[in-house]
1. On the basis of being within 18 Å of the chain's Cα centre (by Cα) and of a type in the set (Gly, Ala, Ser), does Ala41 make the cut?
2. Cβ-Cβ under 9 Å, sequence separation 6+ or interchain: first residue in region 250-263 and of a type in the set (S, T, N, Q), partner in a helix (DSSP H, G or I). Which pairs?
3. Right, Ser353: touching a Phe, Trp or Tyr at 6+ places or on another chain (Cβ under 8 Å), closer than 21 Å to Gln81 by Cβ and small (Gly, Ala, Ser) or not?
4. Name the residue, out of Glu379, Glu405, Glu362, Glu325, that is surrounded by fewer than 20 Cβ atoms within 10 Å (Cβ to Cβ) and within 30 Å of Glu47 (Cα to Cα).
5. Considering each of Asp108, Asp115, Asp141 in turn, give the residue that is over 24 Å from Pro361 (Cβ atoms) and either buried (at least 20 other Cβ atoms within 10 Å of the Cβ) or out of contact with any Ser or Thr (no Cβ under 6 Å at 6 or more places or on another chain) (or both).
6. Just to check your reading of the model, which residue among Ser82, Ser126, Ser114 is closer than 19 Å to Val219 by Cβ and polar (S, T, N, Q)?
7. Quick one: in region 172-202, of everything that is touching a residue at least 40 places away in the same chain (Cβ under 8 Å), in contact with a helix residue (DSSP H, G or I) (Cβ under 7 Å, 6 or more places away or on another chain) and farther than 15 Å from Pro138 by Cα, which residue is surrounded by the most Cβ atoms within 10 Å (Cβ to Cβ)?
8. Could you check how many residues of region 338-374 are in contact with a Leu (Cβ under 6 Å, 6 or more places away or on another chain) and under 30 Å from Asp305 (Cβ atoms)?
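Here, each number is a calculation from the coordinates, and none is a lab measurement. Worth saying up front: this structure is predicted, and the values here are computed from it rather than measured. Glycine gets a Cβ as well: all are built from the backbone with ideal geometry, and neighbour counts include every protein chain shown.
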Amino acid sequence: MTAAHLDAHKASCRPLAALVLLLALTGPLADAEDPTPTRFARAQGRELVAADGTPLRLKGINLGNWLLPEGYMWRLQKGPQSPRQIQELVAELIGPDAARPFWREFRDAYVTRSDIRYLKKIGIDSVRVPFDYRILTPEEDSRVWLDDGFALLDRLIEWCREDGLLVVLDMHAAPGGQTGRNIDNSWGHPFLFESEESEARAIAVWRRLAERYRDEAAVLGYDLLNEPIPGVPAYAPYKPRLEPFYRKAVAQIREVDARHVIFLGGANWDTDFSVFGPPFAPNLAYTLHKYWNPTDDASLRSFLDFRERYRVPLWLGETGENTDEWIEACRRLAERHGIGWCFWPYKKLVAPSCLATIEAPEGWDEIVAYAAHRTADFEANAKIRPPLVRSRAVLAGLLTNVRFENCRLNAGYRRALGLRGDEAAPSPRP
C-alpha cells in the first residue's frame, strides 16, 4: 500500500472510529453503571416480565390511607374527606403542636416491617404506594425537598427488597390536582391541566424520584397520575392534554432512568384509554381501574382490544371496595386474561373489605359526630367539640390500633384474593 493509499485509508476510517468511540461512550455506559441490568423487571410486548424474562402476574395490594388519608377510610361519613381537611380536623381537636407528632407517628405505625412480612407470607408480591406530592416538597415552596418524606419511601422499599416484593410509586395527589376531588387533595378542580407551573412541578417530582431510585430493582415502576380527569362533561377539554403531559414526564424521567416501567392511566378515573395513541416510548405499561361494575369479559373488552392493538402490558392498578364474592370474581377475571392486579386497600377503619381492619378506638364515634356537624362558625364549633383531653386520648388510641398487631385480619377477603393462609403471620390481637 502506497503512502497515499495509506493516508486515504486512515481518513476513511476516521468516521468509523469516531462512531465506535461514540458507542463506547453511550451504549455500554448503562452496563458500566449497572453490571447486572437484567435484575430489573420490564415491559416486553404484551407482558410485564421479571428480570429473567418470565411473565409477571402481579398479586398486589394498595397501601392507601398511609401517605394520603381519605375520609371514608377514617369512617368520616360527612365532613372532612381530603387529607388537608382531615389534617385541619386533627389540628382543631388536639392543637397544631400535638398534630405534627401525631402525623409522624401515624405514618410510622400504619405501615411497619410486620405489615410487609405479613403480605409476603400470604402471597402478595407487590405494593402500590399512593402518595401526596406534598410529603416530598411543600406546596408553598418548590425549591425545598423534604427528607422525611423520602425517608418513608426509602424505608418501605428496603423492607420490600428484603422480602422480595416489588413497589410501584403512585402520584395520588399531583400539584394542582389531577381530579379535583378529595383523592388528589386539591382545591376542587383539576388545576394540573390549567397550570404550567403545576405541570412543571409534577414532572420535577417524578424526575427527582427517578434520580433517587434509578438503581433500585425493588421498584417496579412509576404510576404517573392516579385516576386523572373524572368523567365530568366540563372536564372533557382536558382529555387531549393528558398524553402530552405523559410525554413530557416520560422524557424527563428517561433522561435519568431508562430502567423502570412507567405506568400510564387513562382519563375518567383510569377507565378511558381513548386518550392514547400508539406507545410513544419503550418500557411503558397501561393501568386501568375497575370498581362497581360487572365482572365479565365485556367489562374488559376495550382494554383487551387496546392491548392487542398496541402489544402493550395491562395492569389492574386498583379495584375492590366490594363484597368478597365480587372481589373473587374480579380477581379471577383479571387472571383469566393474564392481567396482574393490585386491590384497594390494605387497611382501613372498621370495614372488612380489606386485608386488615383497624378497630375504632373508644370514643371514635364522638370524633365522627363532631366532624359531621362542625361548620365555619367557631363559636358553634366550640360548643360541640369534644374536650381536648378526650380528643387526645381517642387519637392516641387510633395510633395504637393502626399497628399491624392490633388489626383484625379478614380471612374472607384473603381467600377471595386466592392468597395463602395467615397461620405463619405475626399474631394480631384477637
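1. Yes, satisfied.
2. So the pair list comes out as Gln252/Ile203; Gln252/Ala204; Gln252/Trp206; Gln252/Arg207; Gln252/Ala210.
3. Here the answer is yes, as Ser353 does meet what is asked.
4. Testing whether each residue is surrounded by fewer than 20 Cβ atoms within 10 Å (Cβ to Cβ) and within 30 Å of Glu47 (Cα to Cα) leaves just Glu325.
5. Asp141
6. From the options Ser82, Ser126, Ser114, the qualifying one is Ser126.
7. Out of the qualifying residues, it is Gln178.
8. Summing the residues that are in contact with a Leu (Cβ under 6 Å, 6 or more places away or on another chain) and under 30 Å from Asp305 (Cβ atoms) in region 338-374 gives 3.
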